[in-house]
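Notes follow the structure.
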Amino acid sequence: MGWGLPALQFLLCAALIARAGFVLSQSAERIAALTGLGAGWVGLVMLATVTSLPELASGLSAVTLVGAPDLAVGNLLGACLFNLLFLAVIDALLRRQPLYEAAGDVHLLSAAFGVVLLGVVALSLLAGSRVPALLHVGLYSPLLLLGYLLALRTVRRHEAQRAGPAPVAAETAAQTSLAFEGRRFGIAAVVVLAAGSWLPGIADRLAGTLGWSHGFAGTLLMALATTLPEMAVTLSALRLGALDMAIGNLLGSSLFNVTILAVADLAWLHGPLLADASPAHAATAVAAMVMSGLVVVGLVARPRARVARVASWIAIGLLTVWLANSALLFLHGR
């Protein structure tokens, strides 16, 4: 069958990413302990950046090689949805303590910044050709870049204030251990990047075999493929008991994916990227906003009760929004 070889390649990539994801999480946790950096910030920056590199590669290739802005926008926004949906999976997996009761309040900032940046994207998609531009770049791009940098700075300052002065790793043993973990982290990151960058091509071939549109394939199939690194790293962080690192990775990856739209906009030389993409993607951006808002509510309300003893009502809400958006995309892409 036509999908046999791509399916085998997909499983091989998934296995490599799962193993490298565990090493990434383990090294990141040790680096956070050795440097005094907060687990939430390490997840937001180090892990999220590495696991989002496949989205960066696929987004750039979609606009430069394939010439398909809908594929790039759908992939990146769909990846945001999968990252937020995976918070519902974590909610169901944590049986001993409710997710939002155990999570640190620093994630409120990450989720709130996500709502803001996704709002900029949704408005720009709805504006279409009327979006302000400088040369071929939409003015939303510098806003996304500045918003992302401000989010990193704000989260770092918040964690630094909560943790106090960072310990100085002056001992030779600590410095040696930090160097070793840095090399280990780097090797695992290369494996994740290589395997993760292979996945979008496999997903694209499968989508072609199934006859799916670029918008639908980008938002669901390719987005699922490129978010496998985030899922693997998140599950590995949970195995290590690093909950804040796992949540920071997912929310940080969503922020980074939105920011990649600005990078893809620079690479798309035919005009503002979001002006050439289908306005239907605005529904995905709004769905991601709603899901991010639900995370904010969960981090403030700290719900303890579980629906049918499975997960919190926040998780049920995340799943419902994702399913509704997927149904709309399927009907639009037929």
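Of all residues in segment 153-181, which are modelled with pLDDT of 85 or more, within 20 Å of GLY252 (Cβ to Cβ) and out of contact with any Phe, Trp or Tyr (no Cβ under 8 Å at 6 or more places or on another chain)? Across segment 153-181, the qualifying residues are ARG153, ARG157.
When the criteria are applied in full, VAL233 meets the requirement of being under 16 Å from GLN26 (Cα atoms) and either in a helix (DSSP H, G or I) or modelled with pLDDT of 85 or more (or both). Only residues that are in contact (Cβ under 8 Å) with a residue 24 or more places away in the chain, outside any helix (DSSP H, G or I) and not hydrophobic (A, V, I, L, M, F, W, C) were counted across segment 236-267, and they come to 0.
Of all the numbered requirements in (1) in a helix (DSSP H, G or I); (2) hydrophobic (A, V, I, L, M, F, W, C); (3) within 25 Å of ARG157 (Cα to Cα), LEU56 misses one, and that requirement is (3). State whether one or more residues within segment 20-39 are over 23 Å from ALA102 (Cα atoms), among the basic types (Lys, Arg) and surrounded by fewer than 21 Cβ atoms within 10 Å (Cβ to Cβ). No: segment 20-39 contains no residue that is over 23 Å from ALA102 (Cα atoms), among the basic types (Lys, Arg) and surrounded by fewer than 21 Cβ atoms within 10 Å (Cβ to Cβ). Residue-level check: of (1) buried (at least 18 other Cβ atoms within 10 Å of the Cβ); (2) more than 19 Å from the chain's Cα centre (by Cα); (3) hydrophobic (A, V, I, L, M, F, W, C); (4) within 18 Å of CYS80 (Cα to Cα), ALA311 misses just (4). Flag not set for MET291, criterion: over 25 Å from TYR140 (Cβ atoms) and aliphatic (A, V, I, L, M). Between ALA28, ALA48, ALA57, ALA39, the distinction of being in contact (Cβ under 8 Å) with a residue 24 or more places away in the chain, touching a Ser or Thr at 6+ places or on another chain (Cβ under 6 Å), farther than 14 Å from LEU228 by Cβ and hydrophobic (A, V, I, L, M, F, W, C) belongs to ALA48 only.
Where helices (runs of 4 or more DSSP H) fall wholly inside segment 66-165, the ranges with 2 or more residues that are in contact with a Cys (Cβ under 8 Å, 6 or more places away or on another chain) are 107-127.
The values are calculated or read from the model by the stated rules, or taken from the named source; none is laboratory data. No experiment lies behind these values; they were computed from the predicted model shown. Cβ: placed from backbone, ideal geometry, glycine included. Neighbour counts: every protein chain shown.
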